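Colleague: Before we start, here is the structure in question, set down as structure tokens.
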Amino acid sequence: MSGPDEAPGFNRLPRPEPRFSRRRLCALAASVAALAAASVAGPLTGTGEAGGHIDAPSSVSDAPADITDVYAFTSPDDTDMVTLIANVRPFQVPGTAANALVDFPFATGARYEIHTDADGDGAPDATYRWTFRDEDRRPFGMGPKVGPLPVTSLEDRSLGVRQKYTLEKVAADGTSRTLLRDAIASPTNTGRVLMPDYGRLRAQATRDLPGGGRTVATQAADSFKADTQVFGLFTVGTSGPVPGWLPDAQPLSALNVNSLVLQVPKSEVALNGDAERNPVIGVWSTVSRQGADLGSGLAAQAPSYRQVSRNGTPHLAFAVYGSTIGLSKPGGPEDRFQARAPKDDHLDDAFVAAMLDPAPPHRIEAAQGRKAPATPRRDIQALFMKGIAKGNGSLFGFDLNSHALNGDADASRIVLAEQLRLNLTTPVTADPQAHGVLDGDLQGFPNGRRLNDNIDGPLIRMLEGEPAGPSARGLLPDPIVRLEPADARATFPYVNLPHAGP
């Protein structure tokens, strides 16, 4: 395997403070307050105060480009298919007829992309790219986007503004093929009065793809099963900003996001089209905004795009840096990650060093006296940058989802790269476990990620040394109140219908 396992000039991160300071505690409390505030302010202002589910400062000012979560799993209702989902634009309040002017479209002109890496070189071998535009059908382009009559079809004139998109598949060499053109996105749900059957609109927006598979761009209920009490373990070493203060009742469970749901044959994303011989893929999503090359004339210049958002393995910033909004600085490592391609991860010495010495175990040791596992943490490096396999630092002791397991992979080209890795041949389980692989459910996180997987608990347990060390389950508090998103559906598109009022 190429790429530095432990980079030359190893830069060890500063040790965390032995006790969490009043300043840090105040910052965390502010971040939680910001999360709640964003639930209200974001939808009304177009910007969230806690973007990307609090992943990076750069997400704060660009809510439509903010990727909240990426999911990748074998389709339970068609096991020859793999489903890839990217959720964007968090903190959408449910629509009602009274607030029908509130709209949460996809950004026009931006590129929303889901990438797959079949050979482990950190570069995409297949990219699915959505590009949106508005179709304004209102007289003189004025008036409400929806109404006054109920919308019962995507063709109704009451849907005054529709979003249409082009879906392309881009190969590793950059050549692209248009899969869909002028497909219609399922709109923002403006409530049961104006949209009495949103499920029908979503069904109309679902499109079959050439070569097999289907897709839909839709608003959906936020599916992220966040454990807000665990957040404090990442950032200050104790559950919740104040132990016992924060119930497991997170505002996301009542809010919506925009979802890009894609289902394609496994052969389309497997190396050499052979998912049996080459079962492992890496998955991540990006959003890019149009820009310009100021070093050359603009007149004849084609639009260029700059990556502004990236998401693969969930809660990377929490798990590695122990950071969140209020604890991270603009332009810092969280922002650099958002703009970087996975193929360049191994070139960032500080990023590689952080994987080998993540912050949360030290904070838990300082706050609770539970001894942090010894460093360097090659198990955490394997979790995020290699996948689970024997002899690569992973503590699981079996082969599961490393690119090195692909029969046709060139080992000399495999690099350290953060991705959500999935073994396409892992059978669909009849007894899914929320904590996934740690609890013996090999189809769950971190072997891809299903919509019902809990990710914060497993991350803390692995940061504390599981599966080799003593169980860290005792660190995870029992919820005082449990208010979580409803379980996902068992059939395409799996994401639930968006929350809506009257």
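The values are calculated or read from the model by the stated rules, or taken from the named source; none is laboratory data. The structure presented is a predicted model; accordingly, all values stated were derived computationally and were not measured. Please note: Cβ atoms are built from the backbone with ideal geometry, for glycine as well, and neighbour counts cover all protein chains shown. Accessible surface areas use protein heavy atoms only, side chains included; no ligands, DNA or RNA. Shrake-Rupley method; radii C 1.70, N 1.55, O 1.52, S 1.80 Å.
Colleague: Please verify whether segment 474-487 includes one or more residues that are touching a helix residue (DSSP H, G or I) at 6+ places or on another chain (Cβ under 8 Å), of a type outside the set (Ser, Thr, Tyr) and modelled with pLDDT of 95 or more.
Modeller: Checked against the condition, which is being touching a helix residue (DSSP H, G or I) at 6+ places or on another chain (Cβ under 8 Å), of a type outside the set (Ser, Thr, Tyr) and modelled with pLDDT of 95 or more, segment 474-487 yields no hits at all.
Colleague: Can you confirm whether Leu422 is surrounded by 21 or more Cβ atoms within 10 Å (Cβ to Cβ) and in contact with a strand residue (DSSP E or B) (Cβ under 6 Å, 6 or more places away or on another chain)? Explain how you work it out, then say what you get.
Modeller: Values: surrounded by 21 or more Cβ atoms within 10 Å (Cβ to Cβ): yes; in contact with a strand residue (DSSP E or B) (Cβ under 6 Å, 6 or more places away or on another chain): yes.
Yes; evaluated as a whole, the condition is true for this residue.
Colleague: Please determine, by comparing only the residues of segment 425-440 that are among the aliphatic types (A, V, I, L, M) and under 15 Å from Ala389 (Cα atoms), which one is least open to solvent (accessible area, probe 1.4 Å). Lay out the reasoning, then the answer.
Modeller: Keep residues of segment 425-440 that are among the aliphatic types (A, V, I, L, M), which gives 428, 430, 434, 437-438.
Right, trim to under 15 Å from Ala389 (Cα atoms) and you get 437-438.
Values: Val437: 8, Leu438: 29 Å².
The qualifying residue least open to solvent (accessible area, probe 1.4 Å) is Val437.
Colleague: Taking the condition of being touching a Ser or Thr at 6+ places or on another chain (Cβ under 7 Å), within 30 Å of Asp408 (Cα to Cα) and of a type in the set (Val, Ile, Thr), how many residues in segment 75-117 meet it?
Modeller: Number of matching residues: 4.
Colleague: Continuing with the same structure: Val495 fails exactly one of the following numbered conditions: (1) assigned to a loop (DSSP other than H, G, I, E, B); (2) open to solvent by 40 Å² or more (accessible area, probe 1.4 Å). What is the number of that condition?
Modeller: Every condition holds for Val495 apart from (2).
Colleague: A further question on this structure: If you check Gln443 against the conditions, is it over 24 Å from Arg340 (Cα atoms), buried (at least 17 other Cβ atoms within 10 Å of the Cβ) and either touching a residue at least 60 places away in the same chain (Cβ under 8 Å) or under 20 Å from the mean Cα position of the chain (by Cα) (or both)? Can you show your working first?
Modeller: Numbers: over 24 Å from Arg340 (Cα atoms): yes; buried (at least 17 other Cβ atoms within 10 Å of the Cβ): yes; either touching a residue at least 60 places away in the same chain (Cβ under 8 Å) or under 20 Å from the mean Cα position of the chain (by Cα) (or both): yes.
So Gln443 passes the test.
Colleague: I'd like to verify a number: residues in segment 381-403 that are under 23 Å from Asp349 (Cα atoms) and at pLDDT 95 or above, how many? Don't jump to the end; show me each part of the working.
Modeller: At the first step, the residues of segment 381-403 found to be under 23 Å from Asp349 (Cα atoms) are 381-388, 391-394, 402-403.
With the extra rule that they be at pLDDT 95 or above, the set shrinks to 381-388, 392-394, 402-403.
Residues in segment 381-403 being under 23 Å from Asp349 (Cα atoms) and at pLDDT 95 or above: 13 in total.
Colleague: So, one more: Among the residues of segment 164-189, how many are of a type in the set (Asp, Glu) and in a strand (DSSP E or B)? Lay out the reasoning, then the answer.
Modeller: Of segment 164-189, the ones of a type in the set (Asp, Glu) are 168, 173, 182.
Narrowing further to those that are in a strand (DSSP E or B): 168, 182.
Number satisfying all stated conditions: 2.
Colleague: Taking segment 158-196 as the region of interest, how many residues are within 12 Å of Val146 (Cα to Cα) and not hydrophobic (A, V, I, L, M, F, W, C)? Lay out the reasoning, then the answer.
Modeller: Going residue by residue through segment 158-196, those that are within 12 Å of Val146 (Cα to Cα) are 158-162, 187-191, 193-195.
The next check asks that each one be not hydrophobic (A, V, I, L, M, F, W, C); those that pass are 158, 160, 162, 187-191.
Qualifying residue count, segment 158-196: 8.
Colleague: Then there is this: Using the structure shown, decide if Leu233 is out of contact with any helix residue (DSSP H, G or I) (no Cβ under 6 Å at 6 or more places or on another chain) and among the aliphatic types (A, V, I, L, M).
Modeller: Working: out of contact with any helix residue (DSSP H, G or I) (no Cβ under 6 Å at 6 or more places or on another chain): no; among the aliphatic types (A, V, I, L, M): yes.
Against the criterion (out of contact with any helix residue (DSSP H, G or I) (no Cβ under 6 Å at 6 or more places or on another chain) and among the aliphatic types (A, V, I, L, M)), Leu233 does not qualify.
Colleague: Being over 25 Å from the mean Cα position of the chain (by Cα), under 30 Å from Gln219 (Cβ atoms) and open to solvent by 30 Å² or more (accessible area, probe 1.4 Å): is that true of Pro470 here?
Modeller: Working: over 25 Å from the mean Cα position of the chain (by Cα): yes; under 30 Å from Gln219 (Cβ atoms): no; open to solvent by 30 Å² or more (accessible area, probe 1.4 Å): yes.
It is false that Pro470 is over 25 Å from the mean Cα position of the chain (by Cα), under 30 Å from Gln219 (Cβ atoms) and open to solvent by 30 Å² or more (accessible area, probe 1.4 Å).
Colleague: In contact with a strand residue (DSSP E or B) (Cβ under 8 Å, 6 or more places away or on another chain) and more than 19 Å from His115 (Cβ to Cβ): does that describe Leu395? Spell out how you get there, then give the answer.
Modeller: Details: in contact with a strand residue (DSSP E or B) (Cβ under 8 Å, 6 or more places away or on another chain): no; more than 19 Å from His115 (Cβ to Cβ): yes.
When the stated conditions are applied, Leu395 does not pass them.
Colleague: Just a yes or no: is a residue in segment 297-310 buried (at least 21 other Cβ atoms within 10 Å of the Cβ) and modelled with pLDDT under 85? Quick ask: steps written out before the conclusion?
Modeller: Taking segment 297-310 first, the residues buried (at least 21 other Cβ atoms within 10 Å of the Cβ) are 308-310.
Filter once more, so that each one left must be modelled with pLDDT under 85: none.
Within segment 297-310, not a single residue is buried (at least 21 other Cβ atoms within 10 Å of the Cβ) and modelled with pLDDT under 85.
Colleague: All but one of (1) closer than 19 Å to Arg461 by Cα; (2) in contact with a Gly (Cβ under 7 Å, 6 or more places away or on another chain); (3) at pLDDT 95 or above hold for Pro342, so report the exception by its number.
Modeller: Evaluating Pro342 over (1) closer than 19 Å to Arg461 by Cα; (2) in contact with a Gly (Cβ under 7 Å, 6 or more places away or on another chain); (3) at pLDDT 95 or above leaves (1) as the failure.
Residue-by-condition table, conditions (1) part of a strand (DSSP E or B); (2) in contact with a Phe, Trp or Tyr (Cβ under 6 Å, 6 or more places away or on another chain); (3) at pLDDT below 95; (4) open to solvent by 70 Å² or more (accessible area, probe 1.4 Å):
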residue	(1), (2), (3), (4)
Arg162	yes, no, no, no
Gly191	no, no, yes, no
Arg202	no, no, no, no
Phe224	no, no, yes, no
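Colleague: Next up: Report, by residue number, each residue of segment 473-492 that is farther than 24 Å from Leu316 by Cα, out of contact with any strand residue (DSSP E or B) (no Cβ under 8 Å at 6 or more places or on another chain) and surrounded by 14 or more Cβ atoms within 10 Å (Cβ to Cβ).
Modeller: Residue satisfying the conditions is Arg489 alone.
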